[in-house]
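The values are calculated or read from the model by the stated rules, or taken from the named source; none is laboratory data. No experiment lies behind these values; they were computed from the predicted model shown. Here the Cβ is made from the backbone with ideal geometry for all residues, glycine too, and neighbour counts use every protein chain on show.
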Amino acid sequence: MKRIPLAIPHMSGKEMAYIKQAFAENWIAPVGPNVDLFEEKVRDYTGAGYATATNSGTAAIHLALRMLGVTKGDTVFCPSFTFAASANPIHYQGAEAVFIDSELETWNMSPIALERALLDAKQNGQLPKAIIVVHIYGQPAKMTEIMALAKTYQIPVVEDAAESLGSLYQGVQTGIIGDIGIYSFNGNKIITTSGGGMLVSANKEWTQEAKFLSEQAKETAPYYQHEKIGYNYRLSNVSASIGCGQMEVLQERIDQKRLIFDRYAEGFAKYTETFSNFPSITYQNEIEGTFSNRWLSTIQIRGVHPLQLKEALDASGIEGRLLWKPLHLQPVFRQNHFFAEDANVKISNAQHLFENGFCLPSATQMTPSEQHYVVQTVARFLVQAGESM
Ligand SMILES: *Cc1c(COP(=O)(O)O)cnc(C)c1O
């Protein structure tokens, strides 16, 4: 039997027409008509004002921080419960990440922890230069509360929507709620360009400046003239071609991801009804007014070590993963400050999520019978764990 993967690229066949066109016209460069078309398609889909394609989501975050003037000595707030790529660009700028705890409903940035961190920063006379919000695993964060705090303290918000393309907050696409948003088209994301990203904003000057910096900051002159430090962050026309085709199936992929999530929830509910000792399973809460693309189906389980579950699945040909290990617990960020939601508890919410969480196979190619096998394998492990408790 073939291994059941966590998440892999899912081509539709529609990509090839765009790629063929790129080859036919010899647009095998980091510029070209499909880069423009891809930006247009993402703008149309999300409702973003302007967009600049990049060669990664990380590059887009870095450019966003440049647009906001983040520099040496600054601090930037960022959730702890996220992928390192959310925070690394803060340090590229010589600034420092301050990590904010999660709330336990959506697992995203806790508005309570954020408020404490802002109050503390104000008292110390150094407010952050920006707040990065992440919509983890596709579930939108509590944006009303977060945006209200950002407004009170007049701090710009960068939305790291790398995992949440197509997710909605009160009917609005994630990525366009904050001042600047970013998407990722890395190979494991809901759609992919094999590697790529995008910066979106209602501010045209920012997206134009981001484009300029992504092209090595070449000034308009009849020779190479540079007044700023630039980057080689452009998306290739071939990668953009893949993206154009992928945009045509984005909605389909979201439907498939949501169906995968529903099948897990229904599958495990049957075991909960049948076995009294079945450990309780909880999910990211799709709180009122939100719509998640359910990029990855994730669970919280009580009384089971996720590493043991991972090993059991591995032995059965199933790829599962632990959740993001909080950044404030990473050796590289051990000097950084962290604000817990509740300062009086020993285990922060972010750590709790990590220590009790698991990421189930969520590839859109997974068949219902393959998923049934995953549910059975997970459930068998949990029943045994429940018996030994
Ligand atoms: C994938 C991801 C990124 C980085 O995107 P790349 O395109 O891989 O550089 C940033 N933030 C989060 C939350 C991600 O999951």
Practice problem: Mind listing whichever residues of the range 115-148 are more than 14 Å from I100 (Cα to Cα) and not in a loop (DSSP other than H, G, I, E, B)? | Solution: K122, Q123, Y137, G138, M143, T144, E145, M147, A148
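Quick grid of which residues meet (1) surrounded by 14 or more Cβ atoms within 10 Å (Cβ to Cβ); (2) in a helix (DSSP H, G or I):
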| position | (1), (2) |
| --- | --- |
| Q251 | no, yes |
| I254 | yes, yes |
| R258 | yes, yes |
| D262 | no, yes |
| F268 | yes, yes |
| T272 | yes, yes |
| S276 | no, no |
| I287 | yes, no |
Quiz item: Could we say that E40 is assigned to a helix (DSSP H, G or I), under 27 Å from V238 (Cα atoms) and without any contact (Cβ under 8 Å) to a residue 40 or more places away in the chain here?
Solution: yes
Practice problem: For R43, indicate whether it is among the charged types (D, E, K, R) and in contact with a strand residue (DSSP E or B) (Cβ under 6 Å, 6 or more places away or on another chain). | Solution: yes
Practice problem: Pull up the range 83-99, narrow it to residues that are touching a strand residue (DSSP E or B) at 6+ places or on another chain (Cβ under 6 Å) and closer than 17 Å to L199 by Cα, then point me to the one that is farthest from the ligand (Cβ to nearest atom). | Solution: I90
Exercise. Test each condition in (1) among the hydroxyl-bearing types (S, T, Y); (2) more than 14 Å from the ligand (Cβ to nearest atom); (3) within 15 Å of the chain's Cα centre (by Cα) for T144 and report the one that comes out false.
Key: (3)
Practice problem: Among the residues of the range 179-199, count how many are within 14 Å of the ligand (Cβ to nearest atom) and under 24 Å from K129 (Cα atoms). | Solution: 8
Quiz item: Regarding F354, is this residue crowded, with 20+ Cβ neighbours inside 10 Å, out of contact with any Asp or Glu (no Cβ under 7 Å at 6 or more places or on another chain), part of a strand (DSSP E or B) and on the phi < 0 side of the Ramachandran plot?
Solution: no
Quiz item: Checking S167 against (1) more than 16 Å from the ligand (Cβ to nearest atom); (2) under 30 Å from E145 (Cβ atoms); (3) in contact with a strand residue (DSSP E or B) (Cβ under 8 Å, 6 or more places away or on another chain), which single condition isn't satisfied?
Solution: (1)
Exercise. Among what's in the range 149-178 and is in a strand (DSSP E or B) and either modelled with pLDDT under 95 or β-branched (V, I, T) (or both), pick the residue that is nearest to the chain's Cα centre (by Cα).
Key: V158
Quiz item: Condition test on R253, is it in contact (Cβ under 8 Å) with a residue 40 or more places away in the chain, closer than 30 Å to P5 by Cα and not acidic (D, E)?
Solution: yes
Practice problem: State whether the residues of the range 182-203 include one that is closer than 28 Å to Q284 by Cβ, assigned to a helix (DSSP H, G or I) and in the same structural domain as T54 (by TED's automatic domain parsing). | Solution: no
Quiz item: Which condition does S236 not pass, out of (1) under 20 Å from H135 (Cβ atoms); (2) crowded, with 21+ Cβ neighbours inside 10 Å, if it passes all the others?
Solution: (1)
Practice problem: Name every residue in the range 70-113 that is surrounded by fewer than 24 Cβ atoms within 10 Å (Cβ to Cβ), without any contact (Cβ under 8 Å) to a residue 40 or more places away in the chain and not polar (S, T, N, Q), in order of residue number. | Solution: K72, G73, H91, Y92, G94, A95, P111
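Each row is one residue, and each column tells you yes or no for (1) over 12 Å from E248 (Cβ atoms); (2) in contact with a Cys (Cβ under 6 Å, 6 or more places away or on another chain); (3) surrounded by 14 or more Cβ atoms within 10 Å (Cβ to Cβ); (4) in contact (Cβ under 8 Å) with a residue 40 or more places away in the chain.
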| position | (1), (2), (3), (4) |
| --- | --- |
| P9 | yes, no, yes, yes |
| K14 | no, no, yes, yes |
| A17 | no, no, no, yes |
| E25 | yes, no, no, no |
| N34 | yes, yes, yes, yes |
| T52 | yes, no, yes, yes |
Practice problem: Could you tell me whether the range 210-219 includes any residue that is within 14 Å of the ligand (Cβ to nearest atom) and either at pLDDT 95 or above or not assigned by TED's automatic domain parsing to the domain that holds A48 (or both)? | Solution: yes
